[in-house]
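Here the structure is laid out as structure tokens; the discussion comes afterwards.
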Ligand SMILES: NC(=O)c1ccc[n+]([C@@H]2O[C@H](COP(=O)([O-])OP(=O)(O)OC[C@H]3O[C@@H](n4cnc5c(N)ncnc54)[C@H](O)[C@@H]3O)[C@@H](O)[C@H]2O)c1
């Protein structure tokens with residue numbers, strides 16, 4: 001019989017540190033306040049609405065996730081964050097234009113109290129942005145220490161018990177691993193030397209991980225996904241998750257592609273295009289930031305369809321991803337997918353998907369879930385990369401030498417089995433022979 005994992009209780013207040021108070025962050029924060037006050041429902045959030053089946057199908061045991069593992073209640077969350085603009089969270093939410101003004105007014109006093117701390121920012125990494133609320137420091141190590149000071153002051157002022165950090169800042173330019181990222185020593189030397197290989201997101205990630213604060217990356221830039229920071233996370237027993245929230249078009253892709261593959265239908269082409277008019281769209285209009293996003297979006301199909309195992313079906317797949325900045329749409333993204341399929345005897349078919357979605361409405365419940373699950377992981381002494389949270393990400397972090405799991409349904413099974421494991425319940429294999437013996 002499996003034994004439950006020892007998990008510290010979720011006692012006291014949990015500080016949720018959000019880097020970047022833009023559309024995703026403000027929609028998350030305003031949403032949590034609205035839900036707390038009973039004005040809205042936490043739709044899309046597993047931690048708030050999801051259930052897990054325990055035991056056999058005949059037992060009818062499907063408790064809510066937050067009943068089987070100790071998660072911080074929404075009432076215990078305290079939000080803080082950084083941004084290069086000094087608008088308070090209410091003003092930033094108005095600018096983002098995701099939540100309607102009438103609902104925002106109802107949580108306005110709580111939102112106005114959240115003012116961003118000056119950011120660690122360098123325009124080299126986000127070319128389309130510039131703002132006044134930026135820290136100054138002799139080098140990146142000094143800036144990291146200033147972030148740590150912000151965190152400690154926030155913790156003290158609010159009597160917080162624990163903290164988590166989620167990067168919800170803009171997508172930085174495309175970067176690959178360099179020698180500065182290979183070990184903690186090399187990384188710390190690079191911070192002091194102001195090495196250009198350390199973008200702003202890594203400065204925050206370093207500060208959080210060094211303090212033992214769980215860290216997730218909602219965007220596709222490398223951030224904590226380098227050997228030095230993974231090593232630091234293991235030293236400080238810090239859980240990590242990322243990268244790039246799986247919302248919108250990629251969410252649909254990872255729902256549809258496993259279905260086509262399950263029936264061994266061939267795919268010759270998958271053309272995806274989006275129009276998006278928010279600040280994220282503007283940042284992604286820069287080719288260097290788009291490259292980071294494109295890499296993240298494109299890898300998904302290769303892993304799901306496994307062309308190396310099914311060359312006749314997927315070897316020649318032409319996968320194209322486009323994002324077009326189109327201001328009139330604001331946060332209401334429109335995505336089109338054209339999928340060229342191949343069936344029995346090689347007969348061609350087509351599938352067209354037109355998704356009129358709301359980017360940040362899809363992202364906010366994920367930010368909440370990831371924050372609560374990372375806090376759970378920390379209390380359960382699970383540190384390093386949390387593969388069971390792959391469910392939420394387009395480019396799931398994974399151990400070196402392992403390929404990431406992209407299939408949404410396998411990811412969900414992994415997440416729920418992790419919760420069963422924590423609770424000391426039997427894992428569900430779906431073999432099911434016992435019902436027929
Ligand atoms: N909305 C989604 O569905 C979704 C899905 C996946 C990933 N993402 C990613 O999440 C991130 C946030 O998206 P968004 O729609 O909220 O974008 P946004 O542009 O509305 O917000 C980003 C905020 O980060 C701030 N920022 C940039 N660099 C910073 C720094 N170094 N320090 C502090 N603040 C900084 C910007 O000023 C801005 O306010 C983006 O990288 C986006 O690509 C969003």
Query raised in the report: Out of segment 45-73, which residues are outside any loop (DSSP other than H, G, I, E, B), over 19 Å from the mean Cα position of the chain (by Cα) and in contact (Cβ under 8 Å) with a residue 12 or more places away in the chain?
Result: 51, 54, 57, 58, 64, 65, 66, 68
Query raised in the report: Which numbered condition trips up residue 141, out of (1) under 20 Å from residue 33 (Cβ atoms); (2) crowded, with 18+ Cβ neighbours inside 10 Å; (3) more than 14 Å from the ligand (Cβ to nearest atom)?
Result: (1)
Requested in this report: Please go through segment 1-44 and pick out each residue that is part of a loop (DSSP other than H, G, I, E, B) and over 27 Å from residue 212 (Cβ atoms).
Outcome: 1, 2, 37, 38, 39, 40, 41, 42, 43, 44
Report task. From the list 260, 264, 191, pick out the single residue that is touching a residue at least 40 places away in the same chain (Cβ under 8 Å), on the phi > 0 side of the Ramachandran plot and over 21 Å from the mean Cα position of the chain (by Cα). Result -> 264
Requested in this report: Would you be able to say whether some residue in segment 67-76 is within 16 Å of the ligand (Cβ to nearest atom) and under 30 Å from residue 146 (Cβ atoms)?
Outcome: no
Query raised in the report: From 364, 400, which residue is in contact (Cβ under 8 Å) with a residue 24 or more places away in the chain and under 23 Å from residue 15 (Cα atoms)?
Result: 364
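Per-residue answers, yes or no, for (1) without any contact (Cβ under 8 Å) to a residue 60 or more places away in the chain; (2) surrounded by fewer than 18 Cβ atoms within 10 Å (Cβ to Cβ); (3) within 30 Å of residue 23 (Cα to Cα):
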position	(1), (2), (3)
306	yes, yes, no
309	yes, yes, no
318	yes, yes, no
327	yes, yes, yes
337	no, no, yes
Query - Test: residue 368 is within 16 Å of the ligand (Cβ to nearest atom) and crowded, with 18+ Cβ neighbours inside 10 Å - result: yes
**Report entry** Members of segment 96-118 found to be touching a residue at least 60 places away in the same chain (Cβ under 8 Å) and either within 23 Å of the chain's Cα centre (by Cα) or within 25 Å of residue 201 (Cα to Cα) (or both), listed by number
**Finding:** 96, 97, 98, 99, 111, 114, 116
Report summary line: Within segment 117-130, the residues that are within 9 Å of the ligand (Cβ to nearest atom), part of a loop (DSSP other than H, G, I, E, B) and farther than 22 Å from residue 276 by Cα are 120, 121, 122
Query raised in the report: Out of segment 131-160, which residues are outside any helix (DSSP H, G or I) and within 15 Å of residue 82 (Cβ to Cβ)?
Result: 131, 132, 133, 134, 135, 136, 137
Report task. Among the residues of segment 224-259, count how many are touching a helix residue (DSSP H, G or I) at 6+ places or on another chain (Cβ under 8 Å), more than 24 Å from residue 361 (Cβ to Cβ) and surrounded by 20 or more Cβ atoms within 10 Å (Cβ to Cβ). Result -> 9
**Report entry** Filter result (away from the ligand (no atom under 15 Å from the Cβ), touching a residue at least 12 places away in the same chain (Cβ under 8 Å) and closer than 27 Å to residue 379 by Cα) within segment 155-188
**Finding:** 155, 158, 159, 160, 161, 162, 163, 164, 183, 184
Report task. Within segment 197-204, identify whether any single residue is surrounded by fewer than 16 Cβ atoms within 10 Å (Cβ to Cβ), over 19 Å from residue 84 (Cβ atoms) and either at pLDDT 95 or above or more than 15 Å from the ligand (Cβ to nearest atom) (or both), and answer yes or no. Result -> no
Query raised in the report: With respect to residue 157, is the statement that it is crowded, with 16+ Cβ neighbours inside 10 Å and within 26 Å of residue 239 (Cα to Cα) true?
Result: no
Report task. Considering only segment 90-116, state which residues are surrounded by fewer than 22 Cβ atoms within 10 Å (Cβ to Cβ), outside any helix (DSSP H, G or I) and within 11 Å of the ligand (Cβ to nearest atom). Result -> 97
Query - Scope segment 22-64; condition within 16 Å of the ligand (Cβ to nearest atom), surrounded by 15 or more Cβ atoms within 10 Å (Cβ to Cβ) and farther than 20 Å from residue 92 by Cα; matching residues - result: 44, 45
**Report entry** Within segment 383-399, considering residues that are assigned to a loop (DSSP other than H, G, I, E, B) and out of contact with any strand residue (DSSP E or B) (no Cβ under 6 Å at 6 or more places or on another chain), the one farthest from residue 221 (Cα to Cα)
**Finding:** 399
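The values are calculated or read from the model by the stated rules, or taken from the named source; none is laboratory data. Remember, it's a predicted structure, so these values are computed and weren't measured experimentally. All Cβ positions, glycine included, derive from the backbone under ideal geometry; neighbour counts span all protein chains shown.
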